[in-house]
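A.B. asks: The following block contains the structure, expressed as structure tokens.
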There are 2 protein chains.
Amino acid sequence: MPNTARWAATLTVAATAVCGPLAGSALASPGGAAAGLYAPSALVLTVGHGESAATAAPARAVTLTCAPTPSGTHPAPAGACAELRAAGGDFDALSGGSEGLCTKQYDPVTVTVDGVWQGRRVAHERTFANECLLNSSESVLFSF
Amino acid sequence: MPNTARWAATLTVAATAVCGPLAGSALASPGGAAAGLYAPSALVLTVGHGESAATAAPARAVTLTCAPTPSGTHPAPAGACAELRAAGGDFDALSGGSEGLCTKQYDPVTVTVDGVWQGRRVAHERTFANECLLNSSESVLFSF
């Protein structure tokens, strides 16, 4: 091997030793949110009594992360993420449900979803006439 | 003990046995978000290149929960929650910092915080002229 080629090989090995760990730590960055690997998905869901998010003080709030693995304080992250993926991130498609066993009592509850879903910002808000209707929506995402 | 008193005592024990576990599970609900125990705190933080949240696609997004214990995909939940508590939830107070070692290059990055902090809805947005200024803000919350 000529001297120049040997030097080039040595430099390549040295560069890999120095930069390799950095690249590795970037890939394993907390939150798994390194740009380019996959689009970030991180959400906050709230529920509160009131006609709109502006007037409904959040009584409960949970977090949900869907990549690299489902996690968060949501009681069923895996189910909620699967539901969101199946709906293509369309929150309106999720929150429909049967009204069979609920009264017409008007005591509105508002659920909100804010954050990022597959790289896009999300700000969703939906009001149910009463808590029974929310619970009957049969959505894993909104069961928290 | 008269018979009626004995029956009453028996019923009380039975009721406790049936209802006790339910009350316990409510207290230990996922996310620790049972209303009345403490105000919920659940946040989504994003960072993206652009002049405002409307134009900056989120490159990274992490979640942060501060009660009952610090958690989330944020790399330092405990530090971030302590910082937020110390600032009384004032995000503007956090994001100041020295500009000593940064250039004047204009390549804006926007950080956002959305969700709930101690029961109040939060929607915060701050733009730094370049990433160096963001990193030099010495805020644990914004280091993700």
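A.B. asks: Residues B:Ala54, B:Ala59, B:Ala87: which one is in the same structural domain as B:Arg126 (by TED's automatic domain parsing), modelled with pLDDT of 80 or more and surrounded by 17 or more Cβ atoms within 10 Å (Cβ to Cβ)? Please lay out each step first, then the result.
C.D. replies: Working: B:Ala54 fails: surrounded by 17 or more Cβ atoms within 10 Å (Cβ to Cβ); B:Ala87 fails: surrounded by 17 or more Cβ atoms within 10 Å (Cβ to Cβ).
After applying the criteria, what remains is B:Ala59.
A.B. asks: Something else now. Give the residues of the stretch B:49-82 that are touching a Lys or Arg at 6+ places or on another chain (Cβ under 8 Å) and more than 9 Å from every other protein chain (Cβ to nearest Cβ), sorted by residue number.
C.D. replies: Scanning the stretch B:49-82 gives a single hit, B:Cys66.
A.B. asks: Scan the stretch A:108-116 and tell me whether some residue there is more than 10 Å from every other protein chain (Cβ to nearest Cβ), assigned to a loop (DSSP other than H, G, I, E, B) and in contact (Cβ under 8 Å) with a residue 24 or more places away in the chain.
C.D. replies: yes
A.B. asks: Take the stretch B:119-142 and flag every residue that is surrounded by 15 or more Cβ atoms within 10 Å (Cβ to Cβ), more than 10 Å from chain A (Cβ to nearest Cβ) and within 24 Å of B:Arg85 (Cβ to Cβ).
C.D. replies: The first filter runs over the stretch B:119-142 and keeps only residues surrounded by 15 or more Cβ atoms within 10 Å (Cβ to Cβ), leaving B:119, B:121-122, B:124-137, B:139-142.
Filter once more, keeping what is more than 10 Å from chain A (Cβ to nearest Cβ): B:124-137, B:139-142.
Selection gives B:His124, B:Glu125, B:Arg126, B:Phe128, B:Leu134, B:Asn135, B:Ser136, B:Ser137, B:Ser139, B:Val140, B:Leu141, B:Phe142.
A.B. asks: Given (1) modelled with pLDDT under 90; (2) of a type in the set (Gly, Ala, Ser); (3) out of contact with any Ser or Thr (no Cβ under 8 Å at 6 or more places or on another chain), where does A:Gly97 come up short, assuming only one miss?
C.D. replies: Only one criterion in (1) modelled with pLDDT under 90; (2) of a type in the set (Gly, Ala, Ser); (3) out of contact with any Ser or Thr (no Cβ under 8 Å at 6 or more places or on another chain) is unmet by A:Gly97, namely (3).
A.B. asks: Oh, and also: Any idea which of A:Leu11, A:Leu37, A:Leu43, A:Leu22 is surrounded by 22 or more Cβ atoms within 10 Å (Cβ to Cβ) and either at pLDDT below 90 or in contact with a Gly (Cβ under 6 Å, 6 or more places away or on another chain) (or both)?
C.D. replies: Details: A:Leu11 fails: surrounded by 22 or more Cβ atoms within 10 Å (Cβ to Cβ); A:Leu37 fails: surrounded by 22 or more Cβ atoms within 10 Å (Cβ to Cβ); A:Leu22 fails: surrounded by 22 or more Cβ atoms within 10 Å (Cβ to Cβ).
Matching residue, one of A:Leu11, A:Leu37, A:Leu43, A:Leu22: A:Leu43.
A.B. asks: Would you confirm whether or not the stretch B:77-86 contains a residue that is assigned to a loop (DSSP other than H, G, I, E, B) and either closer than 26 Å to A:His49 by Cα or under 12 Å from the mean Cα position of the chain (by Cα) (or both)? Outline the logic, then answer.
C.D. replies: Start the filter on the stretch B:77-86 by keeping residues that are assigned to a loop (DSSP other than H, G, I, E, B), which leaves none.
No, there is no match, as no residue in the stretch B:77-86 is assigned to a loop (DSSP other than H, G, I, E, B) and either closer than 26 Å to A:His49 by Cα or under 12 Å from the mean Cα position of the chain (by Cα) (or both).
The values are calculated or read from the model by the stated rules, or taken from the named source; none is laboratory data. Just so it is clear, the model here is predicted, and its values are computed rather than measured. Glycine gets a Cβ as well: all are built from the backbone with ideal geometry, and neighbour counts include every protein chain shown.
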